[in-house]
Amino acid sequence: VSAPFSYVSPRQSVRFAFGAAARAVAEEVAKLGGQRVMLIAGRSELAMAERIAAALPVVVTFTDVAMHVPVEHADRARQAAQKARADLVVSIGGGSTTGLAKAVALTTLLPIVAVPTTYAGSEATSVWGLTEGDVKTTGVADAVLPAAIVYDAELSLTLPRALSVASGLNAVAHCVDSTWAPRANPITSMYAEEGIRVMAQSLRLVVADETDREGRELALIGTYLSAVAFSAAGSGLHHKICHVLGGKYNLPHAATHAVILPYVLAFNASSAPQAEVRIGRALGLSGAVEGLLALKEATGAPTGLAEVGFDPANLDEAASAILPSVPPTNPRPVGLHDLRLILEAAYEGKVPR
Ligand code: NAD
């Protein structure tokens, strides 16, 4: 028996189309009535994006994609959309690319067809993020949820092993953090548990062989499940920590998540026994922290903040910057000292206690 709760099912068309992204995207664009397409893709994904978009009525292509969506990039992209009188955005790339499309949609209300090529999961959330100077701001808006997602695992075959692992652990982090997030409920917990299970299975396959089709397809299913759980349940402590670290120190998003997650899990686990059971079960071990550490070890994931370029001189400043955004729903109280200890242990890559 659970407490009363509400859950809004995301209104999106979600397609899995191995090797068939071009056709699936064209069908989704046509369904949405898109006649003047803005194509957003980072420079390294441009050739792939142009192949997928070859038959689309593209009126402008925007390639100025950067991590954490700096406001200057968002402004330039919005101006480009307006100047070209675009009526729909097709984004092809990782979370940074989807994030830029969302920034355009936030002010122009243009629909998005998202084609993700990493496991960030932004395509299935209503969360947008923008960075001004060293401050990253996130918000939630219906307008930024892509109208359609086309998952084509063939496009992720080129994602290098280390990035695949870090990005996959970003998806696992969506699941873990959603279990104690402000709007967690039995439905989001179900998505989260299955998301962890599928993601863990897929990462082991991808690490053994980056070209493994089953591993790549499962990873995208896990990505979608994780993003639905995260979008509906909201951000927990883990995301608040990673947002500050990412925005303030420009650390790589996915790898930072991969490093921080076991420390937040170890901090919360004993105060969130149901979540602990679910996470441990999904990882195939009775202990959640042990399960996560075993997955990280098996996949060669980064273990310390030193590895992602964090300067230990910033430990105090980072802890103070995180404190005001600690969610009041966290299963145990979090003080400045706790944050300092979490960051310090994560910096050194110590086994989390
Ligand atoms: P990213 O989009 O910056 O991509 C990382 C790197 O991978 C880039 O160099 C990119 O060129 C490369 N890449 C992408 N796809 C590739 C492929 N198929 N083959 C080879 N290389 C490829 O990183 P990310 O981790 O996907 O996304 C991080 C961003 O997404 C952050 O800004 C984060 O805040 C945001 N994000 C937002 C949400 C949300 O719900 N709004 C969720 C997760 C992440």
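Taking the inverse of the average 1/r across all pairs of different Cα atoms in region 1-100, what Kirkwood radius in Å do you get?
Numbers: mean 1/r = 0.0672 Å⁻¹.
That comes to 14.9 Å for region 1-100.
Take 296, 136 and sort them by solvent-accessible surface of the protein heavy atoms, 1.4 Å probe, largest at the top.
Details: 296 10, 136 50 Å².
Ranking 296, 136 by accessible area, largest first, yields 136, 296.
For region 1-67, report the accessible area per residue in Å² (1.4 Å probe, heavy atoms, rounded to an integer).
Numbers: 3890 Å² over 67 residues.
So region 1-67 comes to 58 Å² accessible per residue, rounded to a whole number.
Measure of size requested: the Rg and Dmax of region 204-353, with Cα atoms as the atom set and Å as the unit; please supply both.
For region 204-353, the Cα radius of gyration and maximum Cα-Cα distance read 15.6, 45 Å.
With n ≥ 4 as the cut-off for DSSP H runs, can you work out [θ] at 222 nm for the chain, using -39500 (n - 2.57) per run divided by the number of residues, rounded to the nearest 500?
Values: 13 runs with 179 residues, N = 353.
Computed mean residue ellipticity for the chain: -16500 deg cm²/dmol.
What part of the accessible area of region 138-244, given as a whole %, is carbon or sulfur when the probe is 1.4 angstrom? Mind dumping the intermediate values first?
Numbers: 1790 of 3220 Å².
It is 56 percent, rounded to a whole number.
Under 16 Å between alpha carbons: how many lysine pairs meet that in the chain, if sequence neighbours fewer than 8 apart on the same chain are excluded?
The result is 5.
Whole Å is fine, so just give me how far the alpha carbon centre of region 149-208 lies from that of region 28-61.
26
Evaluate Rg over Rh across the chain, taking Cα atoms for both radii and Kirkwood's formula for Rh. It would help to have the intermediate numbers written out before the result.
Numbers: Rg = 19.2 Å, Rh = 20.1 Å.
Radius of gyration over Kirkwood radius for the chain works out to 0.96.
Would you kindly work out the equivalent ellipsoid of region 32-72 from its C-alpha gyration tensor and give its semi-axes, the square roots of five times the eigenvalues, largest first in whole Å? If you can, show how the numbers build up before the last one.
Numbers: eigenvalues 83, 37, 10 Å².
Rounded to whole Å, the semi-axes are 20, 14, 7.
Would you tell me the accessible area of residue 52, worked out with a 1.4 angstrom probe on the heavy atoms of the protein chains, in Å² to the nearest 10?
10
Take every Cα pair under 8 Å in region 152-226 that's 6+ residues apart, average their separations, divide by the length, and report that relative contact order as a whole percent.
Relative CO of region 152-226 lands at 40 percent.
From the protein chains alone at 1.4 Å, what is the descending order of accessible area for 240, 350, largest first? Walk me through the numbers on the way to the answer.
Values: 240 55, 350 100 Å².
Highest to lowest solvent-accessible surface, that is 350, 240.
How would 190, 38 rank on accessible area, largest to smallest, probe 1.4 Å? Mind dumping the intermediate values first?
Numbers: 190 110, 38 0 Å².
Result of the area sort, largest leading: 190, 38.
With the contact rule set at Cα under 8 Å and sequence spacing of 6 or more, what percent relative contact order holds for the chain? Numbers along the way, then the final one.
Working: 723 pairs, mean separation 51.6, N = 353.
Relative contact order here is 15 percent.
Cα gyration tensor of region 91-149, axes a ≥ b ≥ c as square roots of the eigenvalues: rounded (a/c below 1.5), prolate (a/b > b/c) or oblate? Before the final figure, lay out the partial values.
Details: a/c = 1.82, a/b = 1.23, b/c = 1.48.
The shape class here is oblate.
Tell me the angle of helix 237-249 to the major Cα principal axis of the chain, expressed in degrees between 0 and 90 and rounded to the nearest ten.
It works out to around 70 degrees.
Determine the relative contact order of region 270-339: mean sequence separation of Cα pairs under 8 Å and six or more apart, normalised by residue count, in whole percent.
On the way: 36 pairs, mean separation 14.2, N = 70.
Contact order relative to length: 20 percent.
Using only the Cα atoms of region 196-275, build the gyration tensor, take square roots of its eigenvalues as a ≥ b ≥ c, and label the shape rounded, prolate or oblate: rounded if a/c is under 1.5, else prolate if a/b is larger than b/c, else oblate.
Values: a/c = 1.89, a/b = 1.44, b/c = 1.32.
Cα axes put region 196-275 in the prolate bin.
Rg/Rh for region 158-235 to two decimals, with Rh computed the Kirkwood way over all alpha-carbon pairs.
Details: Rg = 12.3 Å, Rh = 12.1 Å.
Dividing the radius of gyration by the Kirkwood radius yields 1.02.
Compute the acute angle (0 to 90°) between the alpha-carbon long axis of helix 336-348 and the principal axis of greatest extent of the alpha-carbon atoms of the chain; round to the nearest 10°.
80
Kindly write out, for region 187-202 in residue order, the coupling ³J(HN,Hα) from the Karplus curve 6.51 cos²θ - 1.76 cosθ + 1.60 (θ = phi - 60°), rounded to whole Hz, with x marking Gly and Pro.
6, 5, 5, 5, 4, 5, 5, 5, x, 5, 4, 5, 5, 5, 4, 5
Can you tell me the 0 to 90 degree angle between the C-alpha axis of helix 21-31 and the longest principal axis of the chain, rounded to 10?
Its long axis makes an angle of about 70 degrees.
List the residues, sorted by chain then number, that are 5 or more residues from residue 93 or on another chain and whose placed amide H is less than 5 Å from its amide H.
When sequence neighbours closer than 5 places are left aside, the close amide H contacts are 115, 117.
The values are calculated or read from the model by the stated rules, or taken from the named source; none is laboratory data. Keep in mind that what you see is a predicted model, and the values were worked out from it rather than measured. Each accessible area value is taken on the protein alone, full model and side chains, heavy atoms only, with ligands, DNA and RNA left out. Shrake-Rupley method; radii C 1.70, N 1.55, O 1.52, S 1.80 Å.
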